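The values are calculated or read from the model by the stated rules, or taken from the named source; none is laboratory data. Fair warning: this is a prediction, and the values are worked out from it, not measured in the lab. When we count neighbours, we look across all protein chains shown, and the Cβ atoms used for this are built from the backbone with ideal geometry, even at glycine.
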Amino acid sequence: MHIPDNFLSTPVWASLDAVSIPAVALLARRAGRELDDTRIPLLGVMGAFVFAAQMINFPVGIGTSGHLVGGALLACMLGPAPAALVMTAIIAIQAFVFQDGGVLALGANVFNMAIAGVLAGYLPIHFWGRTKRRKQAIFAGAFLSVMASASLALGELLISGIAMPRPVILLSLALFAMSALIEGAITIAVVEAIEKLNPGLVQKTQPSSGRAIVALSVAAVLLGGVGFLMASSAPDGIQQIGVQLGLAAKTGFHAPLADYAVGYFESSWLRRASAGLAGLLLIYGVCLGAGRWIGRQRSA
Amino acid sequence: MHHVHLDNWSRGASPLHARDPRAKILALLVFLIVLATTPSNAALTLGIDATLLIAGILIAGLPLGNLLLRAMVVLPFSLTFGVISWLAGDRLRALALVEKSYLSAAAVLLIVGTTSLPALLSGLERMGAPRVLVLVAQFIYRYLFVISEQAQHMRLAAASRQGDPRFHRKGRFRAAAGALAVLFARSYYRADGIHRAMLARAFTGRFQLLNSLRFRFSDGVFLLAAAAFLILVRVQ
């Protein structure tokens, strides 16, 4: 579910951009450390594979068909950080080249599908991937992956104040659960087929991970759960939360810059926009600086 | 296919094509942010933004009708939500949702249509995007169509063998999984070959652009003019 631009309210997309930029930087650094340059073509080709996999239809019922989403499959075959990186690149290409998802909403989409989706899908595989419950773990991972990203997207839309009647929300949650089950079935079938085809392929790509990734994965599952609960509770209540969160985000976000020179602008929009821009620039600068510093530390 | 048009468009020669990708990305961001923060009832601002966009498309020499048609890919999503909002009573917001998401998609198309993807990505890298991410995106874009074509062949082959609708559903499900497994394995081995071929051609760990990026004075003027105009229109 790629959210286009102008669906999310400004506090929502801006804060998700602010979260996703450092998160992607962290994941890229970790992926770069786990893999040498020889594996980068592999990541790219796997990304192209996930794109192409959408063309192969799986019959799932009378007249309907599903296709692979791929977050859990990538996490299982490449490991969590590289998988999240590949998904980020896919989502960015979809936004720029195919207009599938917005550019300002890129942070939100990357957060939902590449970060939360992949890490939530990785969690069961991390704990049970090497036991005899491997099959169930992969199924659970694929289910969680789709469910977490869909619930998060729905929750973000609701916080942004997109009016949705209760039956519509419940129906979409049911549809998401259906497609999550389908994703589980497809992922297991594909992993088994790959194992049958060439057992070495799966062993070669055993996931490795650090404690930070596991903690982030738990957080991703919890966040997905929060999104689900929010979406399934009464919409009136959600709008209330949204208003409060929006206000909290606004006051919290602008407080350090509130009584600076920004005040001399006449328009309140310009003031808010420049304060927000200053905040984003700050985060951008910190990320850039940290990247340079780490690069220098490593080369020294 | 979609990408072929974009690739052809981005090879044009117009003042907009000649701008540095960084200037274009920043101008796009200003446009999108101004649009996103425009209130739903500011019809004049939306109209001026749309006019500016159309002027940009004409200056760039891109086919106007074709581009506007392509931007409609957002409509299935935004119309669905628009109708829901409309039924829920929020008519102004429903209209603005559809209009603004359409304008945003058209703006992204204008920028991607005047910038080749390698230039766009190396612009993003110069702006601080992680090198690994940019490399992976470049590889995905390069092999996307190669592997999609392979998937299409496999789909065609499967369809020509499974024409019988009485074919057992479970069998077809397993056949699709098998096809994906084969596609996965082929992609995996292809990556090995690609890497060796790249080493043989002296790949240094970074894609090279034919003409290196330079942020010229004119790029700065373009960016400042675009940003100032958009913000002034918004503030009015």
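Observations, loosely collected:
- Residues (of a type in the set (Gly, Ala, Ser) and in contact with a helix residue (DSSP H, G or I) (Cβ under 6 Å, 6 or more places away or on another chain)) located in segment B:54-89: B:Gly56, B:Ala60, B:Ala71, B:Ser78, B:Gly82, B:Ser85
- Matching residues, segment A:1-50, being among the hydroxyl-bearing types (Ser, Thr, Tyr) and outside any helix (DSSP H, G or I): A:Ser9
- Scanning segment A:32-53 for residues that are surrounded by fewer than 23 Cβ atoms within 10 Å (Cβ to Cβ) and either among the basic types (Lys, Arg) or without any contact (Cβ under 8 Å) to a residue 12 or more places away in the chain (or both) yields A:Gly32, A:Arg33, A:Asp36, A:Asp37, A:Thr38, A:Arg39.
- Test: residue in segment B:43-54 that is surrounded by fewer than 20 Cβ atoms within 10 Å (Cβ to Cβ), at pLDDT 90 or above and of a type in the set (Ser, Thr, Tyr): yes
- Qualifying residue in segment A:79-92 (condition: touching a Ser or Thr at 6+ places or on another chain (Cβ under 6 Å), in a helix (DSSP H, G or I) and farther than 26 Å from A:Trp128 by Cα): no
- The residue list B:Ala88, B:Ala105 contains one member that is within 19 Å of A:Leu157 (Cβ to Cβ) and buried (at least 21 other Cβ atoms within 10 Å of the Cβ), which is B:Ala105.
- Close pairs from segment B:13-29: first in contact (Cβ under 8 Å) with a residue 24 or more places away in the chain, partner of a type in the set (Asp, Glu) and part of a helix (DSSP H, G or I), Cβ under 6 Å, at least 6 apart: B:Arg19/B:Asp219; B:Asp20/B:Asp219; B:Ala23/B:Asp219
- Segment A:93-121, subset in a helix (DSSP H, G or I) and among the small types (Gly, Ala, Ser), residue farthest from the other protein chains (Cβ to nearest Cβ): A:Ala120
- Residue within segment B:69-82 that is crowded, with 18+ Cβ neighbours inside 10 Å and touching a residue at least 60 places away in the same chain (Cβ under 8 Å) present: yes
- Single condition A:Gly161 does not satisfy, out of (1) at positive phi; (2) more than 9 Å from every other protein chain (Cβ to nearest Cβ): (2)
- When the helices (runs of 4 or more DSSP H) confined to segment B:64-116 are screened for residues that are more than 23 Å from B:Arg11 (Cα to Cα), those reaching at least 2 such residues are found at B:75-87, B:91-113.
- Among the residues of segment B:121-137, the ones that are at the interface with another protein chain (Cβ under 7 Å from one of its Cβ atoms) and not in a loop (DSSP other than H, G, I, E, B) come to 5 in all.
- There is no residue in segment A:15-28 that is on the phi > 0 side of the Ramachandran plot and either out of contact with any Leu (no Cβ under 6 Å at 6 or more places or on another chain) or in the same structural domain as A:Leu175 (by TED's automatic domain parsing) (or both).
- In the set (1) modelled with pLDDT under 90; (2) crowded, with 21+ Cβ neighbours inside 10 Å; (3) more than 7 Å from every other protein chain (Cβ to nearest Cβ), B:Leu97 fails one condition alone, (3).
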